[in-house]
1. Given the condition outside any helix (DSSP H, G or I) and within 8 Å of chain A (Cβ to nearest Cβ), answer yes or no: does some residue in region B:270-285 qualify?
2. Of everything in region B:168-187 that's more than 10 Å from B:Lys101 (Cα to Cα) and free of Cβ contacts under 8 Å to residues at least 40 places away in the same chain, which residue is surrounded by the most Cβ atoms within 10 Å (Cβ to Cβ)?
3. Restricting to region A:103-153, name every residue that is within 12 Å of A:Pro178 (Cα to Cα), crowded, with 20+ Cβ neighbours inside 10 Å and of a type in the set (Val, Ile, Thr).
4. Given B:Thr149, B:Thr154, B:Thr110, which one is of a type in the set (Ser, Thr, Tyr), free of Cβ contacts under 8 Å to residues at least 60 places away in the same chain and within 24 Å of B:Asp60 (Cβ to Cβ)?
5. Does region B:216-224 contain at least one residue that is free of Cβ contacts under 8 Å to residues at least 60 places away in the same chain, farther than 19 Å from A:Ala186 by Cα and buried (at least 18 other Cβ atoms within 10 Å of the Cβ)?
6. Restricting the search to region A:237-267, which residues are without any contact (Cβ under 8 Å) to a residue 40 or more places away in the chain and facing chain B (nearest Cβ under 7 Å)?
7. Consider A:Lys289 against the criteria (1) closer than 21 Å to B:Asp250 by Cα; (2) facing another protein chain (nearest Cβ under 8 Å); (3) under 24 Å from the mean Cα position of the chain (by Cα); (4) of a type outside the set (A, V, I, L, M, F, W, C): it satisfies all of them except one. Which criterion is unmet?
8. Give the residues of region A:9-38 that are more than 13 Å from A:Leu67 (Cα to Cα) and in a strand (DSSP E or B), sorted by residue number.
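Please treat every number below as a calculation from the coordinates, not as lab data. Predicted, not measured: the structure shown is a model, and the values here were computed from it. Glycine also receives a Cβ, built like all others from the backbone with ideal geometry; neighbour counts cover every protein chain displayed.
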2 protein chains.
Amino acid sequence: MTFRINKLAVFGVGLIGGSFAMALRQAGVVGEVVGVGRGRENLELALRLGVVDSIAEPEDAVRGADLVMLAVPVGQMGGVMARIAARLEAGAVVTDAGSTKQDVAEIAQTSLQSSLDCFVPGHPIAGAELSGVAAASADLFQGKQVVLTPCTQTSADALLRVRQAWQACGAQVAEMSPAEHDRVFAAVSHLPHLLAFALVDDIAGKANAGQLFGYAASGFRDFTRIAGSHPEMWRDICLANRVALLGELDAYRGQLERLRTALEQGDGAALERVFARASAARNAWAANKKNA
Amino acid sequence: MTFRINKLAVFGVGLIGGSFAMALRQAGVVGEVVGVGRGRENLELALRLGVVDSIAEPEDAVRGADLVMLAVPVGQMGGVMARIAARLEAGAVVTDAGSTKQDVAEIAQTSLQSSLDCFVPGHPIAGAELSGVAAASADLFQGKQVVLTPCTQTSADALLRVRQAWQACGAQVAEMSPAEHDRVFAAVSHLPHLLAFALVDDIAGKANAGQLFGYAASGFRDFTRIAGSHPEMWRDICLANRVALLGELDAYRGQLERLRTALEQGDGAALERVFARASAARNAWAANKKNA
């Protein structure tokens, strides 16, 4: 049986939602695409660009839809789910694209209720520096990773359908529990963002901030790029993943405490051990990643 | 009077020393270039590439030289200075390219002694990810900043000559005291390196390091790029700038402590304040920098 979506409903036709629709269309696996969203201007642009075929209210959008993508901020997820839960078609599959997964899984428990078996929480690992449908691209997920975090109630069929959709977008699909997902991304994404925000704010708050920024060079540029990210979005991610992030932050603070001691005592060997392990690990990682 | 170097002696013909010679040659302001160094293979490559005209021992290299560039690790600086101090020509000017300046200024006090007035400590702010003369380029310093940190004994004439040499390389020259230099770079360079090394080592030491690195994406890539830097070089920089770096590290640890409290208390407004200030400052900085 070939994979095919008759009608896709995309809630939030921005970078992620728009690219998802475009990629499925490019793969030739989707019939109709309907867009739902708060920003009228962005939705109309999506219509003009052919990313969506029509615009609808939530209740109408899910009529006849066999796949529903919720690419809205986590804060809006519960409201959207509650509005569509009773109107989903039999056999319809719902997925999302949020950066944290335990909170989305919990929201779904409350808001999707009897439709919970059709819900597959997901997280495409693709850049979020740009936003809006104008930045969307059919190739955004090509070769990128997507993590699906099924709940205990998620049906095997729903999981398979979402996996096939992402594979049609060119993505590599992995599975883990929502809790494991949140621990992994606390370490490799959420903590680095927090640290970069902290450094730039630290410098910006100094009396000689202008002088300091004037001498910041390429190392600073790369280190702090993620500090230019969306403040509200990252506030929400940090709060949503508070427990795992606190754990990572405390481990990191312990590491800084040890480095501080080594520095204060002039213990070059201890500093070099940390730097050498880090340098070797970073260079091995970069050698493995095509895009590093 | 036009700026002209009759004979340039470069100690350490690597990325920085080699690029300095090449840039001065391209500007047409240098007669002869002699190279000095520990790595025979690299020196012979410099000769074949025409970066230097000859290779010599320290004592012979400075004979007739009117400009001496010490582009060697800070650890070798004292030894080199002691070998050449008594052999410098009258009116010869000596400069260096080390990443820290108070330590170099102190080494010069001891090792250059009566020649101290001809010494101009300097720091070209140019990428150090590559090394060796093979990576050198006549354009490396084009549009880059160079900070000169004259000692109280440095003569105005020596300072002017070194400023002119860097300007001939296309660099923008600034001046500050060695202490101010070290405070500025502790904040915008040394601390970010320490933080990036700390994060990568932290992750590399976890039981599921392979899994974590497997999900690290572009934000992690940029944040940790400087963690791939040379461990011994950064050990030396951190130790040399220990006092200023400890000050910056402690300010940063205070910032993390406050963010931890906000996170633990679920204080979204406090998180957002820090993230928003950082994001605005980072984006303003990037908009001002052509290369960001």
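1. At the first step, the residues of region B:270-285 found to be outside any helix (DSSP H, G or I) are none.
Checking region B:270-285: not a single residue is outside any helix (DSSP H, G or I) and within 8 Å of chain A (Cβ to nearest Cβ).
2. Among residues in region B:168-187 that are more than 10 Å from B:Lys101 (Cα to Cα) and free of Cβ contacts under 8 Å to residues at least 40 places away in the same chain, the one surrounded by the most Cβ atoms within 10 Å (Cβ to Cβ) is B:Val184.
3. Of everything in region A:103-153, those that are within 12 Å of A:Pro178 (Cα to Cα), crowded, with 20+ Cβ neighbours inside 10 Å and of a type in the set (Val, Ile, Thr) turn out to be A:Val104, A:Val120, A:Val147, A:Thr149.
4. Details: B:Thr149 fails: within 24 Å of B:Asp60 (Cβ to Cβ); B:Thr154 fails: within 24 Å of B:Asp60 (Cβ to Cβ).
Among B:Thr149, B:Thr154, B:Thr110, only B:Thr110 is of a type in the set (Ser, Thr, Tyr), free of Cβ contacts under 8 Å to residues at least 60 places away in the same chain and within 24 Å of B:Asp60 (Cβ to Cβ).
5. Taking region B:216-224 as the starting set, the residues that turn out to be free of Cβ contacts under 8 Å to residues at least 60 places away in the same chain are B:216-224.
Still in the running and farther than 19 Å from A:Ala186 by Cα: none.
There is no residue in region B:216-224 that is free of Cβ contacts under 8 Å to residues at least 60 places away in the same chain, farther than 19 Å from A:Ala186 by Cα and buried (at least 18 other Cβ atoms within 10 Å of the Cβ).
6. Matches in region A:237-267: A:Leu239, A:Arg242, A:Leu246, A:Ala251, A:Arg253, A:Gln255, A:Leu256, A:Leu259, A:Arg260, A:Leu263, A:Glu264, A:Gly266.
7. Going through the list (1) closer than 21 Å to B:Asp250 by Cα; (2) facing another protein chain (nearest Cβ under 8 Å); (3) under 24 Å from the mean Cα position of the chain (by Cα); (4) of a type outside the set (A, V, I, L, M, F, W, C), A:Lys289 breaks only (1).
8. Start the filter on region A:9-38 by keeping residues that are more than 13 Å from A:Leu67 (Cα to Cα), which leaves A:12-16, A:18-19, A:22-23, A:25-28, A:36-38.
Selection gives A:Val36 alone.
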